[in-house]
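S.K.: One structure, as structure tokens, below. Some questions next.
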Amino acid sequence: MTKPMRVVMMAIGCGLAVFAAQSAVADAHLSVDELVEMLASDDGSERLKARNHAAAFGPEAVGPVTALFDHDNRNVYIAAKWSLRNMVHHSARPEADDAEQAAMAEALAALLDEDQSSRVMHEALYLLGLCGTEDQVPAIAEWLNDSATVDAAAAALIRIPGDAGLEAMLDAVDGAEGDVAVSLIHAIAQEEGAAARERLEALTESDDDTIAEAATKALSIRDLRVDYEG
Amino acid sequence: MSKISRRHFLAAGAAAAAPLIVPSRVLGRSGNPGPNDQITMGCIGLGGMGNSHRGWFTDVADDCRVIALCDVDTQRIGAAESHYESGEVDSYTDYRYILDRDDIDAVMFGTPCHWHAVQTVHACQAGKDVYVEKAACGTIPEGQAMVNATRKYGRIVQVGSQGRCLNRFPSICEFIRNGELGKIQQVDLWHYENNVGGGSQDQPEPDHFDWDMWLGPARWRPHNPDYYHGSWRHFLDFGGGMIFDRGTHQLNVLSWFLGLDDTGPTKITATGHAPEHGNYDCPTTMSVTWEFAHRDLVVHWRQPGFDPQSPDQERPYGGIYHGTRASLAVDGGDIGGRAWPLREAEEYEAPAGGFQAQRTELNGAPGNRRNFLDCVKSREEPIMPIEASHRIASYSILGNAAYRLGRPIEWDPENEQVVGDEEANRFLLRESGRGPWRV
């Protein structure tokens, strides 16, 4: 590397170090109420500061933060959404203990309710896919029969390790019709186990043309993924 | 509004009777176009680059005939149809109707990134060759599915990243690959900041626009006009910001210059400054570091980063390649190709027996398109194949993932797996699409 370029690179490195130091200062503790107040601010820099603080908060902040999802100021909703994501990612970091992640997943599962807004429902299901365990599968599976939530619920179940998610989708596809059935069939095709393949093969023989066609397509896609060789 | 053909209306009203696309159809096709044949094409996605490609395939290529158009916005269909004689093209709002036609050899996808994989895989299954815009894919599994579909169905898939077709880049590639800078140990990419904006509320979709079809594989959300038509690139779930846009071009030539097309980084670190307001959600400023432990190499992406002040003019984006013998700045990626201070790199001629870069007949985007048509006939691998394009998209995917997760990602580039981070693995490798739009 030439000397002038090395100097410039060092300057950039120093700048990044200052940025990191500023972030560390911003980790000072806030209460949940203070976090919510900052997120609800009309001042964008306050909202961003809150969002950057949010990762350190645990399940006690899930309810108050998601309560901002239906705020009149759309910027507040956006800041709250990304704050919740930061909290979940922090709880699921490699060095976190299982109890921390489990508590966050339980708090998210507790949000799932027919009275919730679609924003909260979709976000909770999305994040359960990232931090949930088989313990939350029954709560998620309840939303597999609703055309408004089947895709988000199935996506969460696909991401949760273990067989419980697949078993829930196999149960739900029995008797499912129309768009819900199509979504479930393609979601089941994301699973690599023999049970998924066997069920899809059986569904190709369905008397319901929509289901038979979806199963045929899903199997062809599934086989592509399973065959990947890099 | 310009005319919409009868077929278009049939497609628009026939969502419940979507065409069946299954691999068995491939076996029944009569074959690929021969050297003297006209290539018949369908163009899907008619805004921005999609419309540019459509125009070239229609008006410039003399061995190509565009006979079908598709977009989820009927206003865009109308605008595109105005370039054709009555009856010359059929138009659709669902691309699957084009894939179902036996009289179409190839398709162009100028759709947003989140659609590329599903559409390309479906096209390969239907026996079509594919020209697809960059970035190739939005997730790692999507890229893997595109690679597999291309191979399994024996299709030609060219990705619309034209850096390897620009006049000066092959010479610069040979200059670096033949060791004129010594061993490259660090690359510093610079780019201007991401956009801030988007203030619309969620609202009902207009009659001319099929929101559900635009979303396709993406997670559902209410319609909002800020998401599409030129602004989708400013959302992490759709376009992924500039690291996916021009960054793909910069990373494309970097991968070529350094011989990285079949591998990837081993550790990814990212920081960024989230926007304070507006619907756009990409970080306004961003720094990403890709480490290659197996290559003793570090690559930095910085927005805004350091502009090394070319002797000619301001260069909004480019890369500085630091070797053990010298450093070389190269601007652009999709355009550009000025190199300094060693200007001889632009005209470099590789020594006998040295690395020789592939060259195309035409310069830039036309060269990339021409190469695609030639490969459709010759069945040779195109200059921007899906395997390399999947690897190149992986840089941006991993960079954005490290930013969103707020921590570094350890990556196994051989097996394409995250090491030691269960959530990151779920985030990167278990994204599943929506409804029937899954690969």
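The values are calculated or read from the model by the stated rules, or taken from the named source; none is laboratory data. Just so it is clear, the structure is predicted and the values come from calculations on it, not from any experiment. When we count neighbours, we look across all protein chains shown, and the Cβ atoms used for this are built from the backbone with ideal geometry, even at glycine. Heads up: the accessible areas ignore ligands, DNA and RNA and are worked out on the full protein's heavy atoms, side chains in. Shrake-Rupley method; radii C 1.70, N 1.55, O 1.52, S 1.80 Å.
S.K.: Could you tell me how far the Cα centroid of the stretch B:336-372 sits from the Cα centroid of the stretch B:384-408, in Å?
M.R.: 25 Å
S.K.: Percent antiparallel among DSSP beta bridges with both residues in the protein assembly as shown, to the nearest 5?
M.R.: The answer is about 55 percent antiparallel.
S.K.: Now for a separate question. Per 5 Å bin, what percent of the C-alpha pairs of the stretch A:22-132 does each bin hold, from zero upward?
M.R.: Whole-percent P(r) values from 0 Å outward: 2, 13, 25, 24, 20, 11, 4, 1, 0.
S.K.: For the pair B:Ala79/B:Arg65, report the inter-label distance in nm, with labels modelled 7 Å from Cα in the Cβ direction.
M.R.: Here the modelled spin labels are 2.8 nm apart.
S.K.: Read phi for every residue in the stretch B:68-75 and hand back ³J(HN,Hα) as whole Hz from Karplus 6.51 cos²θ - 1.76 cosθ + 1.60, θ = phi - 60°, with x for Gly and Pro.
M.R.: 8, 10, 8, 7, 7, 10, 5, 5
S.K.: Using the Karplus curve 6.51 cos²θ - 1.76 cosθ + 1.60 with θ = phi - 60°, what ³J(HN,Hα) values do you get for each residue of the stretch B:120-127, in whole Hz, with x for Gly and Pro?
M.R.: 5, 4, 4, 5, 4, 5, 7, x
S.K.: Estimate the FRET efficiency between B:His273 and B:Asn195 by the formula 1/(1 + (r/R0)^6), using the beta-carbon distance for r and 22 Å for R0, to the nearest 0.05.
M.R.: Approximately 0.95, to the nearest 0.05.
S.K.: Quick check: Cα centre of the stretch B:35-106 to Cα centre of the stretch B:254-299, how many Å?
M.R.: Using only Cα atoms, the two centres lie 35 Å from each other.
S.K.: Now, a different point. Springs between alpha-carbon pairs under 10 angstrom, Gaussian network model over chain B: which of B:Trp115, B:Trp190, B:Trp56 fluctuates most?
M.R.: Between B:Trp115, B:Trp190, B:Trp56, it is B:Trp56 that shows the largest mean-square fluctuation.
S.K.: Filter A:Lys217/B:Lys134; A:Lys217/B:Lys377; A:Lys49/B:Lys183; A:Lys81/B:Lys152 down to the pairs with a C-alpha to C-alpha distance above 31 Å, please.
M.R.: A:Lys49/B:Lys183; A:Lys81/B:Lys152
S.K.: Could you give the Stokes-Einstein D for the stretch A:134-230 in µm² per second, using the C-alpha Kirkwood radius, 37 °C, 0.692 mPa s?
M.R.: 249 µm²/s
S.K.: Evaluate the Debye formula for the stretch B:107-156 with equal point scatterers sitting on the alpha carbons, no solvent, and hand back log10 of I(q)/I(0) at q = 0.13, 0.18, 0.22, 0.29 Å⁻¹, in q order, two decimals.
M.R.: The Cα Debye sum returns log10 ratios of -0.22, -0.43, -0.66, -1.13.
S.K.: Another question, if that's okay. Any chance you could check the Cα centroid distance between the stretch B:132-155 and the stretch A:156-230 for me, in angstrom?
M.R.: Computed from Cα coordinates, the inter-centre distance equals 21 Å.
S.K.: Work the Kirkwood hydrodynamic radius out for the stretch B:319-439: mean of 1/r over every pair of different alpha-carbon atoms, inverted, in Å.
M.R.: Its Kirkwood hydrodynamic radius stands at 18.4 Å.
S.K.: Accessible surface of B:Arg177 in the full protein assembly, 1.4 angstrom probe, to the nearest 10 Å²?
M.R.: Around 90 Å² of this residue is reachable by solvent.
S.K.: Right, here's the next one. In Å², what does the accessible area per residue of the protein assembly as shown work out to with a 1.4 Å probe?
M.R.: 38 Å²
S.K.: Mind giving me the nanometre distance, one decimal, between the label points for A:Ala99 and A:Asp163, set 7 Å out from Cα along Cα→Cβ?
M.R.: 3.1 nm
S.K.: Here is a further query. Once the Cα gyration tensor of the protein assembly as shown is found, what semi-axes does its equivalent ellipsoid get, as square roots of 5 times the eigenvalues, in whole Å, sorted largest first?
M.R.: Over the Cα atoms of the protein assembly as shown, the semi-axes work out to 37, 35, 23 Å.
S.K.: Give the Rg (one decimal place) followed by the Dmax (whole number) of the stretch B:207-349, computed from C-alpha coordinates and expressed in Å.
M.R.: Taking only Cα atoms of the stretch B:207-349, I get Rg and Dmax of 18.2, 61 Å.
S.K.: Continuing with the same structure: Taking the dipole about the Cα centre of the stretch A:22-132, with the C-beta of Lys and Arg at +1 and of Asp and Glu at -1, give me whichever of A:Leu48, A:His29, A:Ala96 is farthest to the positive side.
M.R.: The listed residue farthest towards the positive side: A:Leu48.
S.K.: A follow-up question, please. Let me cross-check B:Trp214: its accessible surface, 1.4 Å probe, with only protein heavy atoms counted, in Å² to the nearest 10?
M.R.: 10 Å²
S.K.: Give me the one-decimal nm value for the distance between modelled label points at B:Glu361 and B:His208, 7 Å along each residue's Cα-to-Cβ direction.
M.R.: Between B:Glu361 and B:His208, the label points sit 3.8 nm apart.
S.K.: For chain A, take the alpha-carbon Rg, divide it by the Kirkwood Rh, and send me Rg/Rh.
M.R.: 1.10
S.K.: Looking at the stretch A:46-115, which GluC sites (Glu not before Pro) are DSSP coil and have at most 13 other C-beta atoms within 10 Å of their C-beta?
M.R.: Of the GluC sites (Glu not before Pro), the ones in loops of the stretch A:46-115 whose Cβ has at most 13 other Cβ atoms within 10 Å are A:Glu95, A:Glu114.
S.K.: R0 = 41 Å: FRET efficiency of B:Ser52 with B:Glu422, Cβ-based, nearest 0.05?
M.R.: FRET efficiency, B:Ser52 to B:Glu422: 0.45.
S.K.: Could you tell me which residue out of B:Asn415, A:Ile160, B:Val187 lies farthest along the dipole of the protein assembly as shown toward its positive end? Charges go on the beta carbon: Lys and Arg +1, Asp and Glu -1, centred on the Cα centre.
M.R.: B:Val187
S.K.: So, one more: Relative contact order (percent) for chain B, with alpha-carbon contacts under 8 angstrom and 6 or more residues of separation?
M.R.: 20 percent
S.K.: Given Cα pairs under 8 Å that are at least 6 residues apart, what percent is the relative contact order of chain A?
M.R.: It comes to 11 percent, rounded to a whole number.
S.K.: What's the FRET efficiency of A:Ser118 with B:Ala326 using the Cβ-Cβ distance as r and R₀ = 60 Å, to the nearest 0.05?
M.R.: E(calc), rounded to 0.05, equals 0.55.
S.K.: Work out how much length A:Glu134 to A:Ser45 would gain on full extension: take 0.36 nm times their residue separation and subtract the Cα-Cα distance, in nm to one decimal.
M.R.: 28.2 nm
S.K.: Each residue of the stretch B:353-361 in order: what ³J(HN,Hα) in whole Hz does its phi give by Karplus 6.51 cos²θ - 1.76 cosθ + 1.60, θ = phi - 60°, with x for Gly and Pro?
M.R.: x, x, 5, 10, 7, 5, 10, 10, 5
S.K.: OK, next. Enter the mean number of other protein chain beta carbons within 10 Å of the beta carbon of each residue in B:140-151, as an integer.
M.R.: Mean partner shielding for this stretch: 3.
S.K.: Under the rule of at least 5 residues apart or a separate chain, name every residue whose amide H is placed under 5 Å from the amide H of B:Ser327.
M.R.: Counting only residues 5 or more places away or on other chains, the set is A:Thr2.
S.K.: Dividing the alpha-carbon Rg of chain B by 2.2 N^0.38 Å yields what?
M.R.: 0.97
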